Amino acid sequence: MKILAPLRGVTIRCFRRTFSRQIADAGFTEAVTPFISAMNGVDPLRDRELQGLGAAEEALAVTPQFIGKDPAALRFCLKRIKSAGYKTADLNCGCPFPMVRNKGRGSGLLRTPDILEAMVKAGCEEMGEGNFSVKARLGVDSPDELARLMPILNRYPLRFLTVHARTARQMYTGKPDIQTFEEIRAAAKMPVVYNGDYNADAPQTDIPDIMVGRPFVVSLGKLSDSRELLLNYIDQSAAELHGQRPVLGRIKELVSYWQDIPYWKNRWPLVKTSTSLAELTLAIR
Ligand SMILES: Cc1cc2nc3c(=O)[nH]c(=O)nc-3n(C[C@H](O)[C@H](O)[C@H](O)COP(=O)(O)O)c2cc1C
């Protein structure tokens, strides 16, 4: 199993559609969406991530991901996505940002085992056995926190557990901790998906199930038609967003991943400082 990682602002629905061919060519069979807040009464189907005709519209299997700490709100959201045809869902237990984790959401759930358990229970009951998954970091401060929670997670029929093999405190720095990842994998009753700087040329682990985000996004910039693909992405983005500013923001975020690639090295400073779509199009000539 090879899953496209959720990267908020990057591996969004418009990205998955524009680059669907490249995503399929790279062997991805599924994508987990960037997180959607699970709030009671706020319909997740109104989120752009899930808007449109629902699950059937995407060529790739899509698993909506939710962030939150209210089991009732999660149930409400899961009922809604089921009504649109989604068969699977994922819980974010990994978001490392202090503003999120200090409120007990994302990786903060690793610090509140009772709430974590209530969320996992709600998810498994609502989606049905083997249809709900969890994505987590190794811990908040210490890499042994998730390992200590495995007895709780093992009580539920999770579809899989994705482990980004870093602590929240590490953010995106340092190397993934493969040893702790393997300890979790050995303790887990559910399949465990590896995530973090996965390098196809030098796999960090022999695990068959992987989730890949940034390395795939970078690889797109190395394609011989990356420029044409980007122009298409600009058009698709302009069609769904209002005004130039959000389009510029979206494209700059993507090209920032390509700034060390020879073709994009000189273009990146021009892309970064573009203030209109006309300027942006000139910059990537
Ligand atoms: C810009 C950005 C946005 C992210 N958004 C999410 C998110 O919405 N949900 C989530 O679970 N992880 C999110 N992540 C974490 C990634 O899914 C992934 O765990 C991390 O980037 C490590 O994998 P990689 O090295 O393959 O990119 C995000 C990471 C980045 C860099």
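So what's the net charge close to residue 177: Lys and Arg +1, Asp and Glu -1, counting the other residues with Cβ under 14 Å from its Cβ? Could you put the intermediate results ahead of the total?
On the way: positive: 137, 166, 169, 175, 185; negative: 141, 144, 145, 182, 183, 197.
After counting each charged neighbour, the total is -1.
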Assign unit charges at the C-beta atoms only (+1 for Lys and Arg, -1 for Asp and Glu), then state the dipole size of region 2-218 relative to its Cα centre in Debye, rounded to the nearest 20.
-> 580
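Going through the cross-link list 222/252; 2/79; 222/265; 82/135; 87/121; 69/121, which pairs have a Cα-Cα distance over 22 Å in this structure?
Working: 222/252 16 Å; 2/79 27 Å; 222/265 11 Å; 82/135 20 Å; 87/121 17 Å; 69/121 12 Å.
Violating the 22 Å Cα-Cα cut-off are 2/79.
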Note to self, the chain gives a 222 nm [θ] from helices alone (DSSP H runs n ≥ 4, -39500 (n - 2.57) apiece, / all residues, nearest 500) of -11500 deg cm²/dmol
Theoretical gain in end-to-end length, residue 187 to residue 206 [0.36 nm per residue, Cα-Cα removed] = 5.2 nm
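Just how large is the dipole of region 1-52 about the Cα centre, in debye to the nearest 20, putting +1 at every Lys and Arg Cβ and -1 at every Asp and Glu Cβ?
Using only the charged Cβ atoms, the result is roughly 160 debye.
Using the beta-carbon distance between residue 72 and residue 1 and R0 = 22 Å, what value does 1/(1 + (r/R0)^6) give for FRET efficiency, to the nearest 0.05?
Numbers: r = 31 Å, r/R0 = 1.40.
FRET efficiency, residue 72 to residue 1: 0.10.
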Relative packing of 39-50, 62-73, which averages over residues the other C-beta atoms within 10 Å, highest first = 62-73, 39-50
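Which value, in debye to the nearest 20, describes the size of the charge dipole of region 226-283 about its Cα centre when Lys and Arg Cβ atoms bear +1, Asp and Glu Cβ atoms bear -1, and nothing else is charged?
Values: 7 positive and 6 negative charges, 39 e Å.
In total the dipole reaches around 180 debye.
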Answer with one residue from 34, 18, 77: the one whose Cα lies farthest towards the positive end of the charge dipole of region 18-82, charges on Cβ with Lys, Arg +1 and Asp, Glu -1.
-> 77
Mind checking which of 251, 168, 273 is farthest towards the positive end of the chain's charge dipole, using Cβ charges of +1 (Lys, Arg) and -1 (Asp, Glu) about the Cα centre?
-> 273
If R0 = 22 Å, then residue 173 and residue 253, at their Cβ-Cβ distance, give a FRET efficiency to the nearest 0.05 of 0.70
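Each reported figure results from applying straightforward, stated rules to the coordinates on display, with no laboratory input. Quick caveat: nothing in here was measured; it's all calculated off a predicted structure. Glycine also receives a Cβ, built like all others from the backbone with ideal geometry; neighbour counts cover every protein chain displayed.
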